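The values are calculated or read from the model by the stated rules, or taken from the named source; none is laboratory data. The structure presented is a predicted model; accordingly, all values stated were derived computationally and were not measured. FYI the Cβ positions are ideal-geometry reconstructions off the backbone, even for glycines, and counts take in every protein chain you see.
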Amino acid sequence: MKLQYLMAAVGVLALAAPAFARPDAVHEVEGGALATAVSYADLDLHSAKGAEALLERVRNASRLVCHAAEPSRPTQLDRAQVFRTCVRASLDRAVMALDAPMVTAVYRDEALTQLLAER
């Protein structure tokens, strides 16, 4: 059975099933970007529950990778903004790369809810 992985990376997100992939290991990929694998073979991406579970995994992986790649900034506020931007960009890329309609719908709904809450 083919294992399914989603790579959460700074600058790069791609679908892959590498034999070496560990879901919690941050590693460097081509071009110097950092990445980690996110398994979703056990999830039904056609259900809202499966889509939500995958988004949470990708969100956690993005935080891990973005924290590892966090540049030194003069202020804590700058670091926080860079981190949030990195996580959001990683999530955006992952959802686009996956091309799973239910995951995209759940992600858009979460983003809209968050945007409305910030106002």
Please specify each residue of region 28-41 satisfying the condition of being closer than 20 Å to Met102 by Cα and either part of a loop (DSSP other than H, G, I, E, B) or modelled with pLDDT of 90 or more (or both).
Tyr40, Ala41
Of all residues being of a type outside the set (S, T, N, Q) and surrounded by fewer than 18 Cβ atoms within 10 Å (Cβ to Cβ) in region 32-42, which is nearest to the chain's Cα centre (by Cα)? Just the residue, please.
Ala33
For the subset of region 60-88 comprising residues that are of a type in the set (S, T, N, Q) and part of a helix (DSSP H, G or I), which member is modelled with the lowest pLDDT?
Gln76
So, first residue free of Cβ contacts under 8 Å to residues at least 24 places away in the same chain in region 27-50, second residue assigned to a loop (DSSP other than H, G, I, E, B) and among the hydrophobic types (A, V, I, L, M, F, W, C), Cβ within less than 7 Å, six or more apart or across chains; the pairs are Val29/Val12; Gly31/Val12
Confirm whether Ala25 is touching a Cys at 6+ places or on another chain (Cβ under 8 Å), modelled with pLDDT under 75 and not β-branched (Val, Ile, Thr).
no
Looking at this structure, is Asp44 acidic (Asp, Glu), closer than 24 Å to Val26 by Cα and at pLDDT 85 or above?
no
